[in-house]
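Chemist: What follows is a structure written as structure tokens; I'll ask about it next.
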Amino acid sequence: MNLNEPPYNAFRDSENLIKAEKETLRWLLEHNDPRPKESPGSGSSLSSYDFIKWRDYLLSGALLVKGAPGQGKSVLSNFVLLHLEERQKDVAASQDCKIIYHFCNIRIPEKYHTAEAVLRSLIVQLCEARCLFMQLPHILQRNRESFHAASFDTLWYHFQNLLLDGTFKFRTIYCVIDGLDVYKTGMKQLVENLAKLFHENSENRASYLKLFCTSRPTSDLSPCWKIFLAEFFGPIVKTLRFS
């Protein structure tokens, strides 16, 4: 935990993250057929079809949800995490599923407003799962300063290795990143790398990588998502709505 700074769960556990009112977002989970053959609607608003297909479809894929400030993107991200965590408890093979996340938080010190900070928190969570810290180089394991000073490329290399390592591989990894547009430094490179990674892994039946992100409508990161538009589920950029 010496490497976990700022703590990845600090914002999620704080009073600053408003919790969803009871039943407010239940519509996201209410679909009679978890794997329908075609979408009941092709609109740009987020629907239960979009979410359930992202969650259950036996392919890697990603879902980007856009919403204006104050519309509830962080509330939605936390709801998704709580749902996945509750669902994981009921699944016999839950040990083969890992959920990782990062809330991009403008309230933390500015030095952490970087893609490197996002990667560090995701790496810590992956390592926690099966004591994978030994997969990191000795200098990063033992030297907190080296871990926090590591370049984007170094962190990405180790993040990718942890995700795809054959010895400790999870069957499904859900990754939730809230507020892609909140940080500026390195985020375009992070999104491009994630797009490439999830796209390349889309037909790997040994593991499924599921990415759920939110951002404001004005974000300039949307073009990076075009790499996902091949076969997974058509338009994957959705606007946020409440029902």
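Each value in this text was obtained by applying a stated rule to the coordinates, not by laboratory testing. Values in this document were obtained by computation on a predicted structure and should not be read as measured data. Neighbour counts run over all protein chains shown; Cβ positions are idealised from the backbone, glycine included.
Chemist: Over 19 Å between Cα atoms: which of Lys73/Lys98; Lys53/Lys184; Lys98/Lys210; Lys66/Lys210; Lys111/Lys184 fall into that group?
Modeler: Too far apart for the 19 Å limit: Lys73/Lys98; Lys53/Lys184.
Chemist: I'd like to compare 187-194, 107-114: which one has the highest average count of other Cβ atoms within 10 Å, and what's the full order after that?
Modeler: 187-194, 107-114
Chemist: Would you mind getting me the FRET efficiency between Ile139 and Glu5? Use the beta-carbon distance for r and R0 = 22 Å, nearest 0.05.
Modeler: 0.80
Chemist: Counting only other residues whose beta carbon sits under 15 Å from that of Ser14, what net charge do I get with K and R as +1, D and E as -1?
Modeler: With Lys, Arg at +1 and Asp, Glu at -1, the neighbours total 0.
Chemist: Further question on the same structure: Given the Cα-Cα distance of Ile106 and Ser207 and 0.36 nm per residue of separation, how much length would full extension add, in nm?
Modeler: Value of the extension gain: 33.1 nm.
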